[in-house]
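A short write-up of the structure that comes next.
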Amino acid sequence: MSGLAMMEGCVDAVVTYVSANVPAKIAALNMEFADSIQLPDITNVYSVEKLEIEPGDFPRVEVLGMRTDIQSENAAMVNSLSSLAIVCSIADDTDRANLRRRGYRYARAIVELLKAARSDGGLSGYAIGKIGPIDFGPLRWKRGESRVIADVIIGVQILTAEVFP
């Protein structure tokens, strides 16, 4: 690829890493807790331009680029700090009491994956900076829907140093 990847490259790297590693992380958490609050597998990890509020496939992860700050630049390179929101949307129509607890566990899974990517270089040349804050959104539902939906929003900053050809 020629030119700068900037935010697009950051989002794509996070989507690829989470997609590849979240199934094993969820399986490990389900084994660790071994209780009635099991985490269903994440059905899809998306790169999105806006957060979807419509019901769809659950649980799902959406990665949204929020802001890029150019830290320094010259004719040959750009150093930037990009802020992303990783949103895990979950739904339940049978056990609403445990929906929030599932959200806590999905947040843990995503944070542990981000920490692993930081140490193993799994984001293909992008470096994870600050992780957080983590927001646990209100429970919501649509009229006529039996499912209650909850969102967990995890902020993450990605550091990039890109050479401009």
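Considering region 91-117, and only residues there that are among the hydrophobic types (A, V, I, L, M, F, W, C) and at pLDDT 90 or above, the residue that is nearest to the chain's Cα centre (by Cα) turns out to be I110. Residues in region 59-89 that are over 21 Å from V11 (Cβ atoms) and in contact (Cβ under 8 Å) with a residue 60 or more places away in the chain: 2 in all. Name every residue in region 117-126 that is of a type in the set (G, A, S) and touching a helix residue (DSSP H, G or I) at 6+ places or on another chain (Cβ under 7 Å), in order of residue number. Correct list: A117, G122, S124.
Within the bounds of region 150-164, is there any residue that is among the acidic types (D, E), touching a residue at least 60 places away in the same chain (Cβ under 8 Å) and either crowded, with 16+ Cβ neighbours inside 10 Å or on the phi > 0 side of the Ramachandran plot (or both)? Yes, there is a match, as at least one residue in region 150-164 is among the acidic types (D, E), touching a residue at least 60 places away in the same chain (Cβ under 8 Å) and either crowded, with 16+ Cβ neighbours inside 10 Å or on the phi > 0 side of the Ramachandran plot (or both).
Taking the condition assigned to a helix (DSSP H, G or I) and either of a type in the set (A, V, I, L, M) or closer than 24 Å to R140 by Cα (or both), does R102 pass? Against the criterion (assigned to a helix (DSSP H, G or I) and either of a type in the set (A, V, I, L, M) or closer than 24 Å to R140 by Cα (or both)), R102 qualifies. Taken over region 125-147, the residue count meeting the criterion of being in a strand (DSSP E or B) and surrounded by fewer than 16 Cβ atoms within 10 Å (Cβ to Cβ) is 8.
The values are calculated or read from the model by the stated rules, or taken from the named source; none is laboratory data. Here the structure is a predicted model, which is why all the values come from computation and not from measurement. We place every Cβ from the backbone using ideal geometry, glycine too, and count neighbours over all the protein chains shown.
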